[in-house]
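What follows is one structure encoded as structure tokens, with my remarks underneath.
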């Protein structure tokens, strides 16, 4: 069994570590307070024990309280109240007080009153601010409602004006639609040419460089460049024009070199093929683009495309 001294020490340890203030009152005399109650009130333990606890209540609210310690209704073992107290420095504090009491053995008399006190000042301040905010919002809603009603009248007038403007815009839209269609076609043509140029006039040379390059860093860099080019043009790959798709890859490559002003001999040297092979490709190109029976210059025609 614990001795009374140990039990008292355990009680003090427990009471001084709870989050709420605790006061024990015998009759009308405060016989115990914990550390948290000292923090809430700003008084030391000795000051609270010697202070008339009734004097802690805010003077304005004090008139509504009855000094009935010792005369509580013994059938009401617990009750709760919220009221204001004044700290030692005069600061206003709002508390929530939970009161209970211990009866004597006969059950007809009160031996001790227990006051559990919680500082709810911050919560109450927040509630007041929230209430003020709600009132301000309600006021704004009323003002906005009135403004909306006025705006509705203005909108009706504007609607009539817009109907007239809509008719004018419909005519303008018809003209713009024609321009947009033309722009889309131009965009499509540009995409087709971009894809064709990259796939037929750039990638083959990159592939040739990759085969000939022995330096690892340069080769990897070329791979990245080729991959990025493929990623750029791949969304348009299916949009190549039928006119260009009649030529083979090699024919397109040679046609581009002819366009650049290179002779058959220069082309053969660059592509590592015979000059006769280049001449055959030139004849095929002329045939596929409709110049076989004409005397038109192939390079001049290619420059005009």
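Worth pointing out:
- Residue in segment 197-214 that is assigned by TED's automatic domain parsing to the domain that holds residue 259 and not in a helix (DSSP H, G or I) present: yes
So that you can scan it fast, the table gives a plain yes or no per residue for (1) surrounded by 10 or more Cβ atoms within 10 Å (Cβ to Cβ); (2) within 34 Å of the chain's Cα centre (by Cα); (3) more than 24 Å from residue 22 (Cβ to Cβ):
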residue: 99; (1), (2), (3): yes, no, no
residue: 113; (1), (2), (3): yes, no, no
residue: 143; (1), (2), (3): yes, yes, yes
residue: 168; (1), (2), (3): no, no, yes
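- Members of segment 11-25 that are over 21 Å from residue 96 (Cα atoms) and at pLDDT 85 or above: 13
- Checked against the criterion of being loosely packed, with under 12 Cβ neighbours inside 10 Å, within 37 Å of the chain's Cα centre (by Cα) and modelled with pLDDT of 85 or more, the candidates 185, 212, 156, 135 yield just one match: 135.
- Among the conditions (1) assigned to a helix (DSSP H, G or I); (2) farther than 30 Å from residue 40 by Cα, residue 108 misses just one, which is (1).
- Checklist (1) modelled with pLDDT under 85; (2) buried (at least 18 other Cβ atoms within 10 Å of the Cβ) applied to residue 38, failing item: (1)
- Residue match in segment 115-129 (condition: in a strand (DSSP E or B), under 20 Å from residue 39 (Cα atoms) and touching a helix residue (DSSP H, G or I) at 6+ places or on another chain (Cβ under 7 Å)): yes
- For segment 278-305, taking the residues that are out of contact with any helix residue (DSSP H, G or I) (no Cβ under 7 Å at 6 or more places or on another chain) and not in a loop (DSSP other than H, G, I, E, B), the one that is nearest to residue 207 (Cα to Cα) is identified as 280.
The values are calculated or read from the model by the stated rules, or taken from the named source; none is laboratory data. None of these values were measured; they are calculated from a predicted model. Counting neighbours? That spans all protein chains shown, and the Cβs are built from the backbone with ideal geometry, glycine included.
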